[in-house]
Amino acid sequence: MKLPASEAQEDMLKEAKSSYFDLPALDVSVAFPQATPASVFPPCKSDYYQFNDLLTPEEQAIRKKVRECMEKEVAPIMAKYWEKAEFPFEIIPKLGALRVAGGSIKGYGCPNLSITANAIATAEVARVDASCSTFILVHSSLAMLTIALCGSEVQKQKYLPSLAELKTIACWALTEPDYGSDASALRTTARKVEGGWILEGQKRWIGNSTFADVLVIFARNTSSNQINGFIVKKDAPGLQATKIDNKIGLRMVQNGDILLKRVFVHDDDRLPGVNSFQDTNKVLAVSRVMVAWQPIGISMGVYDMCHRYLKERKQFGAPLAAFQINQQKLVQMLGNVQAMFLIGWRLCKLYESGKMTPGHASMGKSWITLKARETVSLGRELLGGNGILADFLVAKAFCDLEPIYTYEGTYDINTLVTGREVTGIASFKPAASSNRSRL
């Protein structure tokens, strides 16, 4: 009997395979016993200038608590979930028990941390896993903070307590397919109807959106042409959120496309404090500081990993740490971490004293992410072949840093924010075209 072509090809493929072709991969500790993978996270060695002394006892306690949780609960599972591009929902109660969600918000079950404590917590989460850090940042420093700063008293009491415990999860939807850096031109509309509003439009790149209980949505009021904010609950009729696939970075973060097709929002869920795009700036001022601390944490983790790896891994009869070129790269990384931490710390103090400007926040975020890119690139070189494996953290951090370099204002946009502040001249839009020759 002649087999169909597809069956014949399948049989040929089976014959071509070895008897061990479908065996599972060796555990990395068995395949490469000479160095310890990141599932057993290395001790922190990056605080060379002892910046921990700058922190208050409360801030030091927050750092210790978050570090212990991340190293124990997240480090052993992060590579597996990152590879699958899935979120580890089982860690949410453990993250909730840290009592850092809500950050600097006072009351409503929120921790009322100093901005510095909030930043330190952000860095400690990112040191082990940037995806978990982004999950908390979107939930806390964007969505929760918007409700706290722009919501009514009823809205704060209704939503913030459960969000602070991570019993409910939030996302923050500003970016659209056609409007990223130019977010103030967004097209999603809010039309007033009896008893509420009808939202129509599309959002993209929205972290946590596929499983969020509460969605903070920004839309253009069709009457005033100004940007307004709304709280939309999951499973609202006409609401759809689907996961964006094929990302190379922050793979555990569930970024989504949101479609809003005649979604009704009750008047009670319009955020009264969002009446123009400028009202988002008070939220972004805090979140941009927190985002600046993510690459600080990532770089700390990469340095710690490289420090241990170079002492464990041997070539030519000596540990890699014994070679001059490797020591030079390691010290360059360490210097970067010291400078990044100091910039981030100063940014927090400027905010706490009421002196921080948008330009300060933007330069902090842009410069820190730039130096973090350099730092993780050096780490990638130091680990050689293992530098492309998520098991040893550096490859994962290398990829995770790329979206952070871009979100909350790209490197270029943030430099233009600072440039506008120091020159007094805005340069976001190209000069008006003219048919006349400059000559």
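Report the label-to-label distance for Ser6 and His266 in nanometres (one decimal), using points 7 Å from each Cα along the Cα→Cβ vector.
My value for the distance between the label points is 5.2 nm.
If you take the charge dipole of the chain about its Cα centre, with +1 on Lys and Arg Cβ and -1 on Asp and Glu Cβ, which of Gln50, Tyr303, Leu95 is farthest toward its positive end?
Gln50
For Ala61 and Gln324, compute 0.36 nm times the residue count separating them, minus their Cα-Cα distance, and round to one decimal in nm. Write down the numbers at each step before the final one.
Values: separation 263, 0.36 × 263 = 94.68 nm, distance 3.71 nm.
Extending this stretch completely gives an extra 91.0 nm.
Among the GluC sites (Glu not before Pro) within the stretch 76-165, which fall in a DSSP loop and have no more than 14 other Cβ atoms within 10 Å of their own Cβ? Could the numbers behind the result be given before it?
On the way: sites: Glu83, Glu86, Glu90, Glu124, Glu153, Glu165; in loops: Glu86, Glu165.
Answer by residue number: Glu86.
What is the Rg over Rh value, at two decimals, for the stretch 111-229, using alpha-carbon atoms and the Kirkwood definition of Rh? Mind showing how you got there, number by number?
Values: Rg = 15.5 Å, Rh = 15.5 Å.
Rg divided by Rh gives 1.00.
Among the listed pairs Lys203/Lys243; Lys72/Lys396; Lys355/Lys429; Lys247/Lys311; Lys80/Lys247; Lys247/Lys282, give every one whose C-alpha distance is greater than 21 Å. Provide the component values of the computation, followed by the final result.
On the way: Lys203/Lys243 12 Å; Lys72/Lys396 18 Å; Lys355/Lys429 28 Å; Lys247/Lys311 33 Å; Lys80/Lys247 16 Å; Lys247/Lys282 30 Å.
Distance filter (> 21 Å) returns Lys355/Lys429; Lys247/Lys311; Lys247/Lys282.
I'd like the antiparallel share, as a percent to the nearest 5, of DSSP beta bridges with both residues in the stretch 70-227.
Roughly 60 percent of the DSSP beta bridges within the stretch 70-227 come out antiparallel.
As a test of the formula, what do you get for the chain when each DSSP H run with n ≥ 4 contributes -39,500 (n - 2.57) and the sum is divided by the residue count, at 222 nm and rounded to the nearest 500 deg cm²/dmol?
Rounded to the nearest 500, it is -14000 deg cm²/dmol.
Enter the accessible area of Lys72 (Å², nearest 10), with the probe set to 1.4 Å and all protein chains included.
Rounded to the nearest 10, that gives 150 Å².
I'd like the accessible area for Val100, computed on protein heavy atoms only with a 1.4 Å probe and all protein chains in place. Round to 10 Å², please.
The value for Val100 is about 10 Å².
Could you tell me whether the stretch 296-371 comes out rounded, prolate or oblate from its Cα gyration tensor? Rule is a ≥ b ≥ c as square roots of the eigenvalues, rounded for a/c under 1.5, then prolate if a/b exceeds b/c, otherwise oblate. Display every interim value, and only then the final one.
Values: a/c = 4.22, a/b = 3.53, b/c = 1.19.
Prolate, because a/c is 1.5 or more and a/b exceeds b/c.
Show which aspartates and glutamates lie in cross-link reach of Lys192 when reach means a straight Cα distance below 16 angstrom and same-chain residues fewer than eight apart are skipped.
Cα-Cα hits under 16 Å: Glu200, Asp267, Asp268, Asp269.
Give me the aspartates and glutamates in straight-line cross-link reach of Lys314: C-alpha distance below 19 Å, same-chain residues under 8 apart excluded.
The qualifying aspartates and glutamates are Asp304, Glu381, Asp391.
Along Cα→Cβ, 7 Å out, is where each label goes; now give me the distance between the ones at Glu381 and Ser224 in nm to one decimal.
So the label points at Glu381 and Ser224 sit 5.3 nm apart.
Taking the Cα atoms only, what angle lies between the long axis of helix 153-164 and the longest principal axis of the chain, rounded to 10 degrees?
In the chain, helix 153-164 runs at an angle near 10 degrees to the longest axis.
May I ask for the angle, rounded to the nearest 10°, between helix 394-406 and the longest principal axis of the chain, with both axes built from Cα atoms and the value confined to 0 to 90°?
With rounding to tens, the tilt is 20 degrees.
Taking only C-alpha pairs under 8 Å that are 6+ residues apart, what is the relative contact order of the chain in percent? Let's see the in-between values first.
Numbers: 767 pairs, mean separation 72.3, N = 439.
Once normalised by length, the contact order is 16 percent.
Enumerate the residues in the stretch 227-251 having an amide nitrogen under 19 Å from the point lying 7 Å beyond the Cα of Phe89 toward its Cβ.
Only 233-236, 240-245, 251 fall inside the zone, counting backbone N under 19 Å.
Using a probe of 1.4 angstrom, how much of the accessible area of the stretch 138-265 is carbon and sulfur, in percent? Each step should come with its number before you reach the end.
Working: 2440 of 5160 Å².
Answer for the stretch 138-265: carbon and sulfur cover 47 percent of the accessible area.
Could you provide, to the nearest whole Å², the per residue accessible area of the chain with probe 1.4 Å?
Numbers: 20810 Å² over 439 residues.
Counting only protein heavy atoms, the per-residue value for the chain is 47 Å².
Once the whole set of protein chains is in place, how much accessible area is left on Tyr411, using a 1.4 Å probe, in Å² to the nearest 10?
60 Å²
Can you pull the one-decimal nm distance between simple spin-label points at Leu13 and Ile77, each 7 Å off the Cα toward Cβ?
Placing both labels 7 Å along Cα→Cβ, they lie 3.3 nm apart.
Assuming 0.36 nm per residue, please report the length gained on full extension of the stretch Gln34 to Lys234 beyond their Cα-Cα distance. Could you put the intermediate results ahead of the total?
Values: separation 200, 0.36 × 200 = 72.00 nm, distance 4.81 nm.
Stretched fully, the Gln34-Lys234 segment lengthens by 67.2 nm.
Along each of its three principal axes, how wide is the spread of alpha-carbon positions in the stretch 36-142, in whole angstrom units, largest first?
37, 36, 19
Over its Cα atoms, what ratio of radius of gyration to 2.2 N^0.38 Å does the chain give? Display every interim value, and only then the final one.
On the way: Rg = 24.0 Å, N = 439, 2.2 N^0.38 = 22.2 Å.
Relative to the 2.2 N^0.38 Å estimate, the chain comes out at 1.08.
In degrees from 0 to 90, rounded to the nearest 10, what is the angle of the helix 57-69 Cα long axis to the longest principal axis of the chain?
Long axis of 57-69 versus the principal axis of the chain: about 60 degrees.
Enumerate by residue number the trypsin sites (Lys or Arg not before Pro) in the stretch 345-439 meeting two conditions: DSSP loop (anything except H, G, I, E, B), and at most 14 other Cβ atoms within 10 Å of the site's Cβ. Could the numbers behind the result be given before it?
On the way: sites: Arg346, Lys349, Lys355, Lys365, Lys371, Arg373, Arg380, Lys396, Arg420, Arg436, Arg438; in loops: Lys355, Arg436, Arg438.
Here the sparse-neighbourhood loop sites are Lys355, Arg436, Arg438.
Going by accessible area, probe 1.4 Å, with all protein chains left in place, what is the ranking of His139, His266, largest first?
His266, His139
The values are calculated or read from the model by the stated rules, or taken from the named source; none is laboratory data. Bear in mind that the values here come from a model prediction, so they are computed numbers and not experimental data. Reconstructed Cβ throughout: ideal geometry from the backbone, glycine too, with neighbour counts over all protein chains shown. Just the protein is used for accessible areas: all its heavy atoms, side chains included, with ligands, DNA and RNA removed. Shrake-Rupley method; radii C 1.70, N 1.55, O 1.52, S 1.80 Å.
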